[in-house]
Amino acid sequence: MAAELGKKEEILKVKVTNKTHVKPNKKIGKKECQLVTFDLPYLAFYYNQKLLFYKGAEFEEMVKKLKEGLEVVLVEFYQLAGKLGKDEEGVFRVEYGDEMEGVEVVEAASEEISIADLAVEEGTSALKDFIPYNGVLNLEGIHRPLLALQLTKLKDGLAIGCAFNHAILDGTSTWHFMSSWAEACNGSKSISAQPFLDRTQARNTRVKLDLSPPPSKGDASSNAKADPNLRERVFKFSEAAIDKIKSTVNANAPSDGSKPFSTFQSLSVHIWRHVTKARHLKPEDYTVFTVFADCRKRVDPPMPDTYFGNLIQAVFTVTAAGLLSANPPEFGASMIQKAIEAHNSKAIDERNKEWESSPKIFEFKDAGVNCVAVGSSPRFRVYEVDFGWGKPEGVRSGSNNRLDGMGYRDQGRSGGRSIDVEISLEAPTMEKLEKDESFVPIGN
């Protein structure tokens, strides 16, 4: 199927048919919101991309409904209709004014491509034409919209490509917005969970950064620094497979009285061990596990789930490949568990103070040597984003912010405890992982 889609794309590129902008349907006035220490490190990341595709025959009617719902939801999520700016002291902020153009909405057509063609498990290159802002840095939000959408007409449905400026929001806020947008499309005049917009409640240190956006080169076809040898694939773990992995990791309970390993920790060590094995590392080679942890309930005082912005920090744990492989899975699971539990309000505060004293702008590839990194979360109810024509047939991440070992975990379409794991690896490693029959176990 991937080859079929590739052939079709060579012949029939996605054709843009219209480009507009959507603004809140009420006057809001001038608004400014300082970016804080949790946001600033991501300025040199790329826009965060998501693709959702739905069945449906009434494209024009669907687009009309999406735009009308967007006008409603942007009243509360107006920051997404703004731009990045700086105050008089050089501190980055989100700026909104009623005169601004708002969210970019491109309409397109690719009527020979079907839902089945998009629902391929292999790669993201064939999906690029359906998602805006490939290779666009968050810093470019100074002169670009902070949210760009592409609505593409398919043979039997609609593809919604989204590009969110990662300097102003994380995954929790992204899916809060998406579910709220769906609420508005279903006729709600107000959203059920209002975004909490005061970032300075989480951190109020003002950090001046001397950064300027690079010259705009339009919508680049790919990340300038992306590794051409990377392959992506979605591995679908059923409820039974998840239960089997979790049971295996917890078979020998730690003697130190620590808690049983969670589903996240069990699946994490499972992936870490299998990817490390497929990489054929030397026993003495280091390997890093990285998770971008939600800190809303870890900071002091805790922030609400509806906090709008970035409230994540990277949590690292490292060991030698030989130790990870030679020891039973609970060895690595325990390392992950302890690293996450140790990332409390004190650790978060110390990390912030260290960064503020010497700001370092991360690049998307700064996740560690021989890393296995985790983004997104099965807690995000991605398959419950129903704009009025049913749940999505598929949800994918775009090609931005890819690196060797990067993995995105999403709720499986079948629901329950099923999890889809989308991984990027160097081609030889991916080939070995695909041949590893124990990687995606058949549940009992």
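Scanning residues 5 or more positions from residue 371 or on other chains, those with amide H under 5 Å from its amide H are 288, with H placed 1.01 Å from N in the peptide plane.
Note on the chain: with a GNM built from Cα contacts shorter than 10 Å, the maximum mean-square fluctuation among 304, 145, 195 falls on 304. Applying a DSSP loop filter and a limit of 16 other Cβ atoms within 10 Å to the GluC sites (Glu not before Pro) in region 73-123 leaves 88, 89, 99, 101, 111, 112, 121. Counted over region 331-399 with a bin width of 10 Å, the fraction of Cα pairs per bin, in whole percents, is 13, 28, 32, 21, 6. Spacing of the modelled spin labels on residue 263 and residue 88, each 7 Å from Cα toward Cβ, amounts to 5.2 nm. Contact order, relative form, for region 136-175: 36 percent (alpha carbon pairs under 8 Å, 6 or more residues apart, mean separation divided by residue count).
On the principal axes of its alpha carbon atoms, region 1-146 extends 53, 33, 21 Å, with the longest extent given first.
Multiplying the residue separation of residue 15 and residue 236 by 0.36 nm and removing their Cα-Cα distance gives an extension gain of 76.4 nm. Kirkwood radius for region 400-444, taken over all pairs of different Cα atoms as the inverse mean of 1/r, rounds to 12.1 Å. Separation of the alpha carbons by more than 18 angstrom is noted, of 55/189; 13/155; 26/391; 208/353; 31/86; 128/153, for 55/189; 26/391.
Taking every C-alpha pair closer than 8 Å and separated by at least 6 residues, the mean separation divided by the residue count of the chain gives a relative contact order of 23 percent. With the full set of protein chains in place, find how many percent of the accessible area of the chain is carbon and sulfur; take the probe as 1.4 Å. Ligands and nucleic acids excluded, carbon and sulfur reach 50 percent. Think of a 1.4 Å ball rolled over the protein heavy atoms: the chain then has 43 Å² of accessible area per residue. Charge tally around residue 36: other residues with Cβ under 12 Å, Lys/Arg +1 each, Asp/Glu -1 each, net +1. Fully extending the segment from residue 426 to residue 100 would add 113.1 nm, taking 0.36 nm per residue of separation and subtracting the current Cα-Cα distance.
With Cα atoms as the point set, the radius of gyration and Dmax of the chain evaluate to 21.5, 63 Å.
Between residue 157 and 56, the built amide H atoms are under 5 Å apart, and every one of these is 5 or more places off in sequence or on another chain. The trypsin sites (Lys or Arg not before Pro) of region 320-372 meeting both criteria, a DSSP state outside H, G, I, E and B (loop) and at most 15 other C-beta atoms within 10 angstrom of the site's C-beta, are 360. About its Cα centre, the chain has a charge dipole of approximately 380 debye under the convention of +1 per Lys or Arg Cβ and -1 per Asp or Glu Cβ, with nothing else charged.
Antiparallel beta bridges, as assigned by DSSP with both residues in region 235-384, represent about 75 percent of the total such bridges.
Only protein heavy atoms count here; on that basis, with a 1.4 Å probe, residue 280 has an accessible area of about 130 Å². Couplings for region 129-137, taken from phi via the Karplus curve 6.51 cos²θ - 1.76 cosθ + 1.60 with θ = phi - 60°, read 5, 9, 10, x, 6, 5, x, 9, 6 Hz in order; Gly and Pro are left as x. Taking every C-alpha pair closer than 8 Å and separated by at least 6 residues, the mean separation divided by the residue count of region 345-444 gives a relative contact order of 23 percent. Computed over the chain, the per-residue total of -39500 (n - 2.57) for DSSP H runs of n ≥ 4 gives a 222 nm mean residue ellipticity of -8000 deg cm²/dmol, rounded to 500.
Along the axis of the charge dipole computed for the chain (Cβ charges of +1 for Lys and Arg, -1 for Asp and Glu, origin at the Cα centre), the listed residues 425, 308, 343 are led at the positive end by 343.
Taken about its Cα centre, region 15-143 carries a charge dipole of roughly 280 debye when the Cβ of each Lys and Arg holds +1 and the Cβ of each Asp and Glu holds -1.
The values are calculated or read from the model by the stated rules, or taken from the named source; none is laboratory data. Because the structure is predicted, anything quoted here is derived from the model rather than measured. Don't worry about glycine lacking a Cβ; one is built from the backbone with ideal geometry, like all the others, and counts go over all protein chains shown. We work out accessible area using only protein heavy atoms, side chains counted, and drop any ligands, DNA or RNA first. Shrake-Rupley method; radii C 1.70, N 1.55, O 1.52, S 1.80 Å.
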